[in-house]
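Engineer: Here it is, the structure in full.
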Amino acid sequence: MPTEDLRRETERVLMPTYAPSPISIVRGRGSRVYDLEGREYLDFVAGIAVNTLGHAHPDLVAAIQKQAQHLLHASNLYYTEPQVKLAKALVDHSFAKKVFFCNSGAEANEAAIKLARRYAHQKHGPDRYEIITMLNSFHGRTMATLTATGQEKVQKGFEPLVPGFRYVPLNDLPELEKALSSKTAAVMLEPVQGEGGVHVADRTYLKGLRELCRQHDVLLVFDEVQTGMGRTGTLFAYEQLGVHPDIMTLAKGLGGGVPIGACLATDEVAAAFSPGAHASTFGGNPLSCAAALAVLRVLLEGRVLEQSRRMGDYLAKGLFDLKDRLHIVKDVRGLGLLQGMELTIEGNPVVDDCLARGLLINCTMERVLRFVPPLIITQHEIDRLLDTLSQVLIKRV
Ligand SMILES: *Cc1c(COP(=O)(O)O)cnc(C)c1O
């Protein structure tokens, strides 16, 4: 279908929750995607930090093909091997001892919220239900996760919200200490806020937070839906931040493009769930687990993490150079291959200009350009991004 017809039909039959850019992507390879007219784009969006291994990675394609020939789905009423193998791999490489699988980031966080509440109920009684989250956070679009999200624009029009959430500014330990009470069940945050404009949690803050949580027997929940699976240069961001959580959620990059989410926890916390306490029909099905296993193997065995760390440094350095040269660049922030560039001007026209020059980037919080390429991105490709970005920004100085 021609792109113009796709646009018209999209407006006719899809609910208007998105305002897509006017291209139709039909295929991809590595860090490039191609539109219907055959134009090539360098992909610094990666399906919003999802296509960790780029497009059409041979190992991922083979794993999906192989699994599809045997079994797509059987439900959690029976054992399936890919699910157990994936859980084992995640447990082997993280603080966690138990995993619950679902299909998205919101669902993973929904599971984390339910688990934290149930744990607190069982251990401290029904008055411990409150979850403290951060202003400018993003945790998803279900009722509980949009309530957890510390942004009014995500919540507006959906009131009444779920009771039992309160918000504090990120990196402000005194405010967090004030918010803690005998009602607090958990503190939940992203190690690096993604949708909220790319803000990194300080190491000293996290250390203090971990200690406060320990003192008050409050659970620490890391939403690593965006930062997990190598995005920040280590498999999980918490590894380089000096603290580990009690619960962690994953999704986005986990399946390399196949929908899958996970909620991980320590043994003690996970024991709050019992048969029937939580469930998901599709959660952990053989297809998505085979895909995630392939992603994990490539990340761990294929030197992708090592390479992505170097590329993250290289990208950050290039963005800082642009900041030094151009006064419309206000700030550069990030960790690994999750980088943000805050402008003094609107970001969307910059995104459009980049698109016209064959470069996909994304803008969040109106003025923050976000760069989340596949983890296999090369130095040459980063040079091309910096070059294009420089041309587009110079025009606007
Ligand atoms: C994207 C995102 C979510 C929501 O994930 P979905 O798969 O869209 O439900 C939750 N938390 C964070 C940190 C995210 O970046």
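Engineer: What ranking of Asp223, Asp5 emerges when the number of other C-beta atoms within 10 Å of each C-beta is taken as an exposure proxy, fewest first?
Structural biologist: So the ranking, lowest neighbour count to highest, is Asp5, Asp223.
Engineer: How much length is gained if the chain between Arg357 and Ala19 is pulled fully straight, taking 0.36 nm per residue apart and subtracting their Cα-Cα distance, in nm to one decimal? Don't skip to the end; give the middle numbers.
Structural biologist: On the way: separation 338, 0.36 × 338 = 121.68 nm, distance 1.99 nm.
Length gained, Arg357 through Ala19: 119.7 nm.
Engineer: With the cut-off at 1.5 for a/c, could you classify segment 24-103 from its C-alpha gyration tensor as rounded, prolate or oblate? Walk me through the numbers before you get to the answer.
Structural biologist: Numbers: a/c = 2.83, a/b = 1.84, b/c = 1.54.
Note, shape of segment 24-103 comes out prolate.
Engineer: Beyond 24 Å, how much of the Cα-Cα pair distribution for segment 71-209 remains, as a whole percent?
Structural biologist: Taking all Cα-Cα pairs of segment 71-209, the fraction more than 24 Å apart is 40 percent.
Engineer: By how many nm would the segment from Arg166 to Ser390 lengthen if fully extended, with 0.36 nm per residue of separation less the alpha-carbon distance?
Structural biologist: Result for the pair: 76.6 nm of gain on full extension.
Engineer: Compute the separation of the alpha-carbon centres of segment 132-199 and segment 375-389 and state it in Å as a whole number.
Structural biologist: The two parts, judged by their Cα centres, are 34 Å apart.
Engineer: Among all the lysines, which ones have a C-alpha under 18 Å from Lys183's C-alpha, if same-chain residues fewer than 8 places away are not counted?
Structural biologist: The reachable lysines, counting only those whose Cα sits under 18 Å from Lys183, are Lys114, Lys123.
Engineer: For the chain, find the longest principal axis of its Cα atoms and tell me its angle to the long axis of helix 203-216, 0 to 90°, nearest 10.
Structural biologist: For helix 203-216, the angle is close to 20 degrees.
Engineer: Let me ask something else about it. Remind me, what semi-axes does segment 178-231 give for its equivalent ellipsoid, largest first in whole Å, using sqrt of 5 times each Cα gyration tensor eigenvalue?
Structural biologist: Ellipsoid semi-axes (Å, largest first): 22, 11, 10.
Engineer: Let me ask something additional. Name the shape class, rounded, prolate or oblate, that the alpha-carbon gyration tensor gives for segment 208-302, where a ≥ b ≥ c are the square roots of its eigenvalues, rounded holds for a/c under 1.5, and otherwise prolate holds if a/b is larger than b/c and oblate otherwise. Walk me through the numbers before you get to the answer.
Structural biologist: On the way: a/c = 2.71, a/b = 1.25, b/c = 2.17.
Note, shape of segment 208-302 comes out oblate.
Engineer: In the Gaussian network model of the chain, springs joining C-alpha atoms below 10 Å, which of Ser280, Ser288, Ser308 carries the largest mean-square fluctuation?
Structural biologist: The residue that fluctuates most here is Ser280.
Engineer: Under a 10 Å cutoff between Cα atoms, tell me which one of Phe282, Phe222, Phe138 has the largest fluctuation in the Gaussian network model of the chain.
Structural biologist: In the Gaussian network model the winner is Phe282.
Engineer: Helix 81-92: angle to the longest alpha-carbon principal axis of the chain, degrees 0 to 90, nearest 10?
Structural biologist: Tilt of helix 81-92: around 80 degrees.
Engineer: Let me ask another. Tell me the volume per residue, in Å³, of the convex hull enclosing the alpha carbons of the chain.
Structural biologist: 148 Å³
Engineer: First check a/c for segment 289-362, with a ≥ b ≥ c the square roots of the eigenvalues of its C-alpha gyration tensor; if it is under 1.5, answer rounded, and if not, answer prolate when a/b is larger than b/c or oblate otherwise.
Structural biologist: prolate
Engineer: Starting from the Cα of Lys323, draw a straight line to each of the aspartates and glutamates and keep only those under 13 Å, dropping any in the same chain fewer than 8 residues away.
Structural biologist: In chain and number order, the partners are Asp331, Glu342.
Engineer: Scale the Cα Rg of segment 1-149 by the rule-of-thumb value 2.2 N^0.38 Å and send over the ratio, two decimals.
Structural biologist: Values: Rg = 20.4 Å, N = 149, 2.2 N^0.38 = 14.7 Å.
Dividing the Cα Rg of segment 1-149 by 2.2 N^0.38 Å gives 1.39.
Engineer: Per the Kirkwood definition applied to all pairs of different Cα atoms, how many angstroms is the hydrodynamic radius of segment 234-393?
Structural biologist: Here the Kirkwood hydrodynamic radius works out to 18.0 Å.
Engineer: If you stretched the chain out fully between Leu6 and Ile345, how much longer would it get, using 0.36 nm times the residue separation minus the C-alpha to C-alpha distance? Walk me through the numbers before you get to the answer.
Structural biologist: Details: separation 339, 0.36 × 339 = 122.04 nm, distance 3.10 nm.
Computed gain between Leu6 and Ile345 is 118.9 nm.
Engineer: May I ask you to list the lysines whose Cα is less than 20 Å away from that of Lys85, ignoring any residue fewer than eight positions away on the same chain?
Structural biologist: In chain and number order, the partners are Lys66, Lys97, Lys98, Lys252.
Engineer: Remind me, relative contact order of the chain in percent, using alpha carbon pairs under 8 angstrom and six or more residues apart?
Structural biologist: Once normalised by length, the contact order is 22 percent.
Every read-out reported here was derived from the displayed coordinates using simple, explicitly stated rules and does not represent laboratory data. Computed from a predicted structure; not experimentally measured. When we count neighbours, we look across all protein chains shown, and the Cβ atoms used for this are built from the backbone with ideal geometry, even at glycine.
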